[in-house]
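**Student:** Sharing a structure here in structure tokens format.
Any read-out appearing in this document is the output of simple, stated calculations on the displayed coordinates, not a laboratory observation. Every value quoted in this text rests on a predicted model; they were computed, and no experiment measured them. No Cβ is skipped: glycine too gets one built from the backbone with ideal geometry, and neighbour counts run over all protein chains shown.
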Amino acid sequence: MQFGIFSVSDITQDPTTGRTPSEKERIDAIVTIAKHAEDIGLDVFALGEHHNPPFFSSSPTTTLAYIGAQTKRILLSTSTTLITTNDPVKIAEDYAMLQHLTDGRVDLMMGRGNTGPVYPWFGKDIRQGIPLAVENYDLLRKLWDNDEVDWEGKFRTPLRGFTSTPRPLDNVAPFVWHGSIRSPEIAEQAAYYGDGFFHNNIFWPAYHTKRMVQLYRQRFAHYGHGRPEDAIVGLGGQFYMAKDSQQAVREFRPYFDVAPVYGHGPSLEEFTEETPLTVGSPQQVIDRTLGFRDMVGDYQRQLFLLDHAGLPLKTVLNQLDMLGSDVLPVLKKEFAAKAEPGTPQAPLHPRYARALAGEDPVAPTPGVEVSDNPAHGADFTLAPVGENPKAVDDVTGASFYEQAANDNEAVAHADHLLKETQAK
């Protein structure tokens with residue numbers, strides 16, 4: 001089980017002082033936070049990708065490379081890499097380069113993002129969001145898995161005899177998580193390839209998270225990758241801690257009330273009741289996080305959002321200190337004790353895994369055989385998982401994507417796109 005933190009890179013005014021940090025201050029702060037995350041024993045640091053204010057992280061690979069040069073052990077990841085608006089060739093090259101620079105301490109999370117205008121900014125049509133995600137990822141996999149690629153698709157110029165460089169470190173591509181809050185098509189895509197599925201459950205109620213993970217597990221097994229229990233699952237979460245719950249609520253309330261993502265809406269009490277946000281003592285954070293396992297079964301990665309809503313750097317570092325001293329040791333012990341036999345570990349690059357185990361990280365790695373994708377079954381049955389939530393955007397509450405009416409339609413749509421892409 002991996003534990004870590006992720007950042008969406010917002011630059012938000014501190015409501016208690018009225019001060020807004022500069023871009024430089026926030027960029028320097030994120031480096032400090034990542035280094036401190038390693039110091040307290042966390043396993044993962046992840047950074048999002050945005051191309052608009054109030055966010056600063058337009059180039060996560062640049063930032064992660066800089067952090068990688070100043071850390072030794074922590075795994076570096078993204079909390080969104082925009083598969084829809086980035087060129088798959090550039091993604092293949094950038095993350096392979098990052099692999100080499102960090103000795104394999106890197107994976108990434110694919111997503112479509114939550115900012116509608118980003119599509120026209122990069123010459124894309126938002127109405128094609130799902131088809132773009134499917135086709136671009138198919139090309140990315142081909143670029144990593146093959147030394148020479150001939151490819152033709154709908155959304156990009158063809159490639160003839162193209163080799164992306166550098167090649168993946170030791171011929172092992174970065175592990176990919178597919179991140180989603182509400183799109184069953186993305187769960188289907190993750191299952192199809194046998195990749196990880198990360199449900200960023202920071203806004204939605206437990207029944208929705210359970211439903212999405214259950215769908216992914218079913219489809220993972222359907223495509224022949226193993227048992228549903230073998231699927232690789234990650235979850236998001238967020239908290240604010242103090243020595244007792246009253247102090248935590250008192251300190252965090254002014255930040256919650258005006259936060260861009262959830263301020264001016266439900267009360268703090270309503271939000272903590274309906275979503276995974278925990279504002280309270282370390283024990284309350286422990287209990288709530290352990291409850292995630294009851295919701296989705298054994299899973300492989302838990303990331304928390306801490307540096308948001310205008311919280312100053314000193315406060316974030318204090319939260320990390322409490323996480324490292326009061327929460328993390330208990331969570332690691334309890335999750336390990338509760339895990340069912342045969343539960344898979346989170347995938348790591350072999351070179352990085354050897355380094356973590358204290359072995360020679362540069363020992364030769366056998367070549368990796370890339371098998372064809374499993375046959376696609378046209379018929380499937382989904383277990384009932386409750387009422388479908390309303391189609392809303394991940395952050396603003398106003399959907400700009402076309403949303404399938406139910407899980408069956410969403411999976412059928414994604415299955416059609418995957419077949420169509422593979423047939424080309």
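**Student:** If I stretch the segment between residue 422 and residue 334 completely, what's the gain in nm (0.36 nm per residue apart, minus their alpha carbon distance), one decimal? Don't jump to the answer; show the numbers that get you there.
**Tutor:** On the way: separation 88, 0.36 × 88 = 31.68 nm, distance 4.24 nm.
Roughly 27.4 nm would be gained on extension.
**Student:** Could you tell me how many degrees, from 0 to 90 and to the nearest 10, lie between the Cα long axis of helix 129-145 and the main elongation axis, the longest principal axis, of the Cα atoms of the chain?
**Tutor:** Here the helix axis deviates by roughly 70 degrees.
**Student:** Regarding region 30-170, what is the average projected area of its C-alpha convex hull, in nm²?
**Tutor:** The number I arrive at for region 30-170 is 8.6 nm².
**Student:** Right, next: Using a cut-off of 23 Å between alpha-carbon atoms, which lysines can reach residue 24, once sequence neighbours fewer than 8 places away in the same chain are excluded?
**Tutor:** 35, 314
**Student:** Next up: Please express the Cα-Cα pair-distance distribution P(r) of region 1-77 as a list of whole percents, one per 5 Å bin, running from 0 to the bin with the greatest distance.
**Tutor:** Spelled out bin by bin, region 1-77 gives 3, 16, 27, 23, 16, 10, 4, 1 percent.
**Student:** Dividing the convex hull volume of the Cα atoms of region 276-330 by its residue count, what figure in Å³ per residue is obtained?
**Tutor:** 89
**Student:** Give the cross-link partners of residue 210 among the lysines, using a straight C-alpha distance below 18 Å as the criterion and excluding same-chain residues fewer than 8 apart.
**Tutor:** Within the straight-line cut-off, residue 210 pairs with 390.
**Student:** Angle, helix 328-338 long axis vs. longest principal axis of the chain, Cα atoms, 0 to 90°, nearest 10?
**Tutor:** 50
**Student:** Do me a favour and compute the ellipsoid semi-axes for region 237-336 from its Cα gyration tensor, root of five times each eigenvalue, largest one first, whole Å.
**Tutor:** The answer is 22, 16, 12 Å, longest axis first.
**Student:** What relative contact order, as a whole-number percentage, does region 245-354 give when Cα pairs under 8 Å and 6 or more residues apart are counted?
**Tutor:** On the way: 62 pairs, mean separation 29.6, N = 110.
Relative contact order of region 245-354: 27 percent.
**Student:** Mean 1/r over all different Cα pairs, inverted: what Kirkwood radius does the chain give, in Å?
**Tutor:** Averaging 1/r across every pair of different Cα atoms and inverting gives 22.0 Å.
**Student:** So if R0 is 51 Å, what FRET efficiency would residue 408 and residue 16 give, r being the distance between their Cβ atoms, rounded to the nearest 0.05? Walk me through the numbers before you get to the answer.
**Tutor:** Numbers: r = 48 Å, r/R0 = 0.94.
After rounding, the FRET efficiency stands at 0.60.
**Student:** Could you work out the helix-only [θ] at 222 nm for the chain, with each DSSP H run of four or more residues adding -39,500 (n - 2.57) and the total divided by the number of residues, to the nearest 500 deg cm²/dmol?
**Tutor:** Using -39500 (n - 2.57) per qualifying helix, the result is -12500 deg cm²/dmol.
**Student:** Across region 148-158, in residue order, what do the Karplus-derived ³J(HN,Hα) couplings come to in whole Hz, using 6.51 cos²θ - 1.76 cosθ + 1.60 with θ = phi - 60° and x for Gly and Pro?
**Tutor:** Going residue by residue, I get 9, 10, 10, 8, 8, x, 8, 10, 9, 4, x Hz, with x marking Gly and Pro.
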